[in-house]
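The values are calculated or read from the model by the stated rules, or taken from the named source; none is laboratory data. Predicted model only: the values in this text are computed from it and were never measured. Every residue, glycine among them, receives a Cβ derived from its backbone with ideal geometry; neighbour counts consider all protein chains shown. Note: areas computed on protein heavy atoms with side chains; ligands, DNA, RNA excluded. Shrake-Rupley method; radii C 1.70, N 1.55, O 1.52, S 1.80 Å.
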Amino acid sequence: MSETGKRIWREDVLILLGTGLMGVAIQCIYDRIGLVTGGFTGLTIVIRSLTSPIVEGGVPLWISNLILNIPVFLYSYVRFGKKFVGKTAFATVMLSVWLYVIPEIDLSGGDYMLASLFGGLFSGIGFGLVLRAGATTGGTDMVAALIQSKLRHYSVVQIMQVLDALVVIVGLYVFGLRPTLYAVVSVFVLTKVSDAFLEGFKNSKAAFIITKEHEKVAQRLMEELDRGVTGLDARGMYTHDYKCVLYCVVSLKEIVRLKDIVNEEDSGAFVIVSDAREVLGEGFLEYSDEF
């Protein structure tokens, strides 16, 4: 199989797994307890509740999801072409398929906290996997992109926030205050988990070191921590002196030793430490380890 074929196969598997986890969260957690977390999936839960007096059990989630997305995808196809729709259409269809085949089991047992935490966990992992495959599940993501094409002074993210907020408000009207507050908790968990999947779990630390003893510090960092060090030419704007700023990325457990080494060589050194959410290359996460 060619490299392109392997990549497509891997992305399809990620979409299958991701939409499956999202389906479990929606069908077995959110819908069972009335948590509306925004997006078209939140609307499907609202529609099911509102139509339950008319249709026995309400309109199934998978039907609502397809009905809501079909006109959006058709317009997107006409407006932006096949490339824009792409894998997102496959992800949207697969989410509806999962919502159809997954049995209606209440995994939270009516516990709002468990529902918000584990719903956010499952949907966050699932959404992260789908995003890793270069797709989304349609819904408000695509609607926001369509609106943004007309309202250029707003970003897609800003429009999405407004749309999701409107869906949550509808959920507040249908299900009440308590489920809505827990839905906000679930959205927070979902965001943090999906961000972790996109940015990597192996967080590292990046250090900028301004010191008069840059040669000694760099040598010790390379020998004792076995980490590469980059020297950046810089000039202090107050003194106008030229300096060498050291840049070094280390693991979380190594940052303490890095600061000790700098302090031992130059107690007056200036050190800036920041988070490095994902580091690829020798000594860290290899490219082949990526999803």
Notebook entry, point to check: Count of lysine pairs in the chain with Cα atoms under 26 Å apart, counting only pairs 8 or more residues apart in sequence or on different chains?
Noted result: 24
Next item on the list: Please name which of A25, N69, V36 has its Cα lying farthest along the dipole of region 1-95 towards the positive end, using unit charges on Cβ (Lys, Arg +1; Asp, Glu -1) and the Cα centre as origin.
Entry: N69
Notebook entry, point to check: Hey, can you rank 27-37, 54-64, 205-215, 71-81 by average C-beta count inside 10 Å, highest first?
Noted result: 27-37, 205-215, 54-64, 71-81
Next item on the list: Please report, as a whole percent, how much of the solvent-accessible surface of region 159-266 comes from carbon and sulfur atoms (probe radius 1.4 Å).
Entry: 59 percent
Notebook entry, point to check: Given a cut-off of under 8 Å on Cα pairs at least six residues apart, what relative contact order in percent is computed for region 1-96?
Noted result: 29 percent
Notebook entry, point to check: If we count every other residue with Cβ under 13 angstrom of V59's Cβ, Lys/Arg +1 and Asp/Glu -1, where does the sum land?
Noted result: -1
Notebook entry, point to check: Accessible surface of F270 in the full protein assembly, 1.4 angstrom probe, to the nearest 10 Å²?
Noted result: 120 Å²
Item checked: Inter-centroid distance (Cα atoms) of region 87-119 relative to region 222-257, Å -> 47 Å
Next item on the list: Specify the inter-centroid distance of region 127-195 and region 1-78, based on alpha-carbon positions, in whole Å.
Entry: 13 Å
Check: Which of these, Y238, Y100, Y182, has the largest mean-square fluctuation under a Gaussian network model of the chain (Cα springs below 10 Å)?
Finding: Y238
Note to self: Just want to confirm a number: the relative contact order over the chain, from Cα pairs under 8 angstrom separated by 6+ residues, in percent.
What the structure shows: 21 percent
Notebook entry, point to check: Any idea what the alpha-carbon Rg over 2.2 N^0.38 Å comes to for region 228-270?
Noted result: 1.33
Check: When the helix-only estimate is applied to the chain (DSSP H runs of n ≥ 4, each -39,500 (n - 2.57), divided by the residue count), what is the mean residue ellipticity at 222 nm, nearest 500 deg cm²/dmol?
Finding: -19500 deg cm²/dmol
Check: Along the positive direction of the dipole of the chain (beta-carbon charges: Lys, Arg +1; Asp, Glu -1; about the Cα centre), which of S2, C248, V174 reaches farthest?
Finding: V174
Note to self: Using a Förster radius of 35 Å, what is the FRET efficiency between Q158 and Y247 based on their Cβ-Cβ separation? Nearest 0.05, please.
What the structure shows: 0.55
Next item on the list: Give me the angle, in degrees from 0 to 90, between the Cα long axis of helix 214-224 and the longest principal axis of the Cα atoms of the chain, rounded to the nearest 10.
Entry: 60 degrees
Check: Highest GNM mean-square fluctuation, the chain, Cα pairs closer than 10 Å: which of M94, M222, M160?
Finding: M222
Notebook entry, point to check: Which entry in (i) 27.8; (ii) 15.4; (iii) 21.1 is this structure's computed mean projected area of the Cα convex hull in nm²?
Noted result: (iii)
Next item on the list: Would you mind classifying region 1-72 by shape? Square roots of the alpha carbon gyration tensor eigenvalues, ordered a ≥ b ≥ c; an a/c under 1.5 is rounded, otherwise it is prolate if a/b is larger than b/c and oblate if not.
Entry: prolate
Margin query: If I stretch the segment between L177 and I102 completely, what's the gain in nm (0.36 nm per residue apart, minus their alpha carbon distance), one decimal?
Written below: 24.2 nm
Notebook entry, point to check: Using the heavy atoms of the protein chains alone and a 1.4 angstrom probe, what is the accessible area of the chain per residue in square angstrom?
Noted result: 56 Å²
